[in-house]
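The values are calculated or read from the model by the stated rules, or taken from the named source; none is laboratory data. This structure is a prediction, so every number in the text was calculated from the model and none was measured. Note that each Cβ is placed from the backbone with ideal geometry, even for glycine, and that neighbours are counted across all protein chains shown. Calculation scope for accessible area: heavy atoms of the full protein, side chains included, ligands and nucleic acids excluded. Shrake-Rupley method; radii C 1.70, N 1.55, O 1.52, S 1.80 Å.
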Amino acid sequence: MIFKNILLSLLILLLSYSVNAQNLTNNVLSAFKKHALTLDEWEGSDSLTLVKFSRPLSHKELLKFKPVRIFSATEYVIRSKYLTPGLDIVIYKNNVNTFWKASDQLIRNFESNNKSNKPATIRLVFNQLSSLPPYLKDLKVKAIDYTNRLIVVEILYSNLLSILAQQDVIYADIIPLAKEEIVINGIDLGLNNISAVHASFPAIDGKDVVLSVKEGMFDEKDIDFLGKIVSKQTSAQTSHATIMATLALGSGNSFIKGLGAAPKAKLASSSFTNLMPDDINQLKALKVSVQNHSYGTDLDNTYGIEATAYDKQVFETDTLLHVFSAGNKGTATPISGVYIGLPNYANLTGNFKQAKNNLVIGGINRENVVETLSSKGPAYDGRIKPDLVALGEDGTSGAAAVSSGVVALLQQQYRTQFNKLPSSALIRSVLINSADDVDVPNVDYRAGFGRLNALNALKTISENRFKVAEIQSLQDYTFPIIVQSNQKQLKVSLVWNDPPAAINSAQSIVHHLDLSLETPSGQIILPWVLSTYPNLDSLAKPALRKIDDLNTVQQLSLDQVTPGQYVVHIKARNLSQAKQAFALAYGFEAIDDFEFSYPQVNDALFANADNYIRWSATHNTNETGQLSVSYDNGNSWQMIAS
C-alpha cells in the first residue's frame, strides 16, 4: 500500500509539472496570438509564421529553419521561406506580425496593462542607430546607447504595437532590476586551493591587475582596501559590495577573513543600475581586465539585450573577462523558453548570464556538494552553464568574487611570463581544464566543468601547458602533446571568444570549431557532450563523447593513457570571417600522486570555525605516510598517526 501511494504521488507530481508547463506556455503564447493579429500583417521581406512542431527541433534543424523567436521547445516564429510544404512534423501554422519582437516579460506586462494609460519604460534595439528616429521625438527618451543600438524610452502600453511595427526596431524589452545575491557568511581560501597558491607562488598576489566590482559601492574606508582604489561611483554603499571586494582582493589588514584571493590587486567600482556593459573606453582607461558581477535579476532564458552586448564587448576587446555569479534560484522553475516548466534546471538569474564569452560560477559547500540554491543550467539554448563552481556558502556571490580574484592571479602570472595580458578565452580554458571533477562525472548542468582549483590553474600557465592560435575556415589545426609513462589521465579544453549572434537567436554559437584527440594508435577521442533535450531525465544523463554543435567551450579527457605522442585536432567547420582565435589548455593526472593543499606554512587553519585538512590524490594510492602537527610554526613536529 505504501509503495502504491508513493507511485501515485509521483504520478500526480509529474502530471502537475506537465500541466504547469503547458499553462506557462499558454500564458505568453495566448497573449502573443491575441495581439499579434490585431495589426495588418507585417510587410517585411518575408512573412513570418508561428509554427508548432510535433517534437523539439534538433540543432541542425534550428540552423535550417532559422527561427527568429522561441516560445517553447516546439513553438517558434519562422520565416515562411524556410518552411518546406508538407513537413510532417508541423502541427499548425499561423501568420504573425511584429509582436514577436517583444520579450516574454514585456508580453506579460503588455497583456496586463495595455487597456490602461499606464506608461512603460522599455528598451528598443535597432538594426542601425545613428540618430533619434523621428517617430520617437515626441516621446520621453531617457537614454541612447549608440554602441549597442539601444534607446530607452517611456511610452504608453497602448502604443507599443505601433512602435514595434517600425522596420528598424528589431527587439523590445523591459528594464530588469538587479538584486544582490545572498551574502557569504565566511571565507575559506583552502577549498579552491587559493591558500596553496599564496604559499607556493608568494610573488603572485594580483599586483598591477585592476579588478572592477559592478554593483553597489563598497566601503572605501575599509582598511583592507587601503591604497587600492582607482575609481569610485556615486551609488549607495552596501555591505554586500564590501564583502565581494574583500573576497576578491582584501589585504587581510583587519583580520584573516579580510584576506582575499588577490590581495595586491587594484580596485575599481561600477554601478549595476545600468545592466549593460560598462563603456569599454572607461574600462581601458582604468586598465580593468576582470570585472566581478555578484548580482542577478529574474530568470531570463533568451539571447537578449545584455547577452548580445557582453558577447560583443568581449569578442572585440579579448583581454577583458567578466565573471558572473550563477544565481541563487537553483530550485526555481523557468516560466519561458525551451526548458519551460522543468524544475531545478535552466534557472540562471539574468540575461547577461546567457552570454557565451563570460565566466559563470555556481556555488559548492565545503563537502564538495553543489548547493541546492545555486542556479543550474543549461543556458537557454542548451549550452553548458555554470562553467565552474567555487565555495559559495549557500550563495554564488562569494563564489564569483573569489573566482574573480583568481582570474587576477592568473592574469598577473601570464603577464609576468609574456609581458602582456592574456586573452580571456585563455584564462577560461585554463580555469576549466584545471578544475576538479565533482558531482556527475566529466561535466553536468549543476557543477559545469568542476570545482575551481587555483593552484592547478596557476601551474598550467607557469608550466606553459596551453596554446593560443588562430584558425582559418575549414582548416584542421593540429597540436602534439607528449604523454610520459607516469601519467594516467590527459584532459584538454578548447575555448574561443565567439562573435555575438543576432539578438533573440535560437542558438548563440556563430563559429563552429570541433575538438578531437588522436591517440598514438590512431583512435579519435571526441569531447564530452550533454543531452539538451527538454526533459528531466534527458538533462540528468551523463555526458557522451560526440561532436559538439553548440558550445564554444569544449572538453575531452582520456583515462588510462599510454605513453607517446597524442595529437589535438581543431577543425574550423564554419566561420563567418577569415579566421578565429582560440585558446587550448591541457593537463595530466599522475599515477599515485598525493599532495597536501591545506594547511600549509603560514595558513591560519584554526581561524575558521570549521577546521579542514585537505589534500589531492589520484586513485589507487596505497603508500603510507605520517600525519604530524606543529605547534611552533614548523620548527618541530609531533606525529599524530600513520
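A few notes on this one:
- Checking the Cα-Cα distances for Lys287/Lys546; Lys214/Lys571; Lys287/Lys579; Lys137/Lys385 against a 30 Å cut-off, the pairs over it are Lys287/Lys546; Lys214/Lys571; Lys137/Lys385.
- Here the contact order of region 152-297, divided by its residue count and restricted to Cα pairs under 8 Å and six or more residues apart, works out to 31 percent.
- Zone of Gln523's modelled label, taken as backbone nitrogen in region 447-491 under 13 Å from a point 7 Å along Cα→Cβ: 489-490
- Normalised contact order of the chain, rounded percent, pairs of Cα under 8 Å and 6 or more residues apart: 12 percent
- Environment charge of Phe582, counting only residues whose C-beta is closer than 15 Å and scoring Lys/Arg +1, Asp/Glu -1: 0
- Helix 239-249 and the longest principal axis of the C-alpha atoms of the chain enclose an angle of approximately 50°.
- Separation of alpha-carbon centers, region 238-277 and region 87-121, rounded to whole Å: 41 Å
- Calculated FRET value between Ser636 and His59, using beta carbons and R₀ = 60 Å, to 0.05: 0.45
- Residue-averaged 222 nm ellipticity for the chain, from DSSP H runs of 4+ at -39500 (n - 2.57), nearest 500: -7000 deg cm²/dmol
- Ranked by how many other beta carbons lie within 10 Å on average, peptides 582-594, 50-62, 426-438 from highest: 426-438, 582-594, 50-62
- Dipole of the chain computed with +1 at Lys/Arg Cβ and -1 at Asp/Glu Cβ about the Cα centre; of Ile340, Leu62, Asn358, farthest Cα towards the positive end is Leu62.
- Were the residues from Asp208 through Asp537 laid out at 0.36 nm apart, the gain over their Cα-Cα distance would be 113.7 nm.
- Tilt relative to the chain, helix 305-317 - C-alpha long axis, 0 to 90 degrees, to 10: 50 degrees
- Shape of region 413-495 from the C-alpha gyration tensor: rounded (a/c under 1.5, with a ≥ b ≥ c the square roots of its eigenvalues).
- Equivalent ellipsoid of region 453-600: semi-axes from √(5λ) of the C-alpha gyration tensor, largest first, are 28, 20, 17 Å.
- The chain: angle of helix 424-434 to the longest principal axis, Cα-based, in degrees nearest 10: 60 degrees
- Annotation: per residue accessible area for the chain equals 42 Å², rounded to a whole number [probe 1.4 Å, protein chains only].
- Å³ per residue enclosed by the Cα convex hull of the chain: 191 Å³
- R0 of 51 Å, Cβ-Cβ distance Glu463-Val141: FRET efficiency to nearest 0.05: 0.40
- Across the accessible surface of region 114-213, with the other protein chains kept in place and a 1.4 Å probe, carbon and sulfur atoms take up 50 percent.
- When the solvent-accessible area of region 251-348 is split by element, carbon and sulfur atoms take up 51 percent of it, the probe being 1.4 Å.
- Charge context of Arg108, other residues only, Cβ under 13 angstrom, K/R +1, D/E -1: -4
- Separation between Cα centres of region 282-358 and region 482-553, rounded to whole Å: 21 Å
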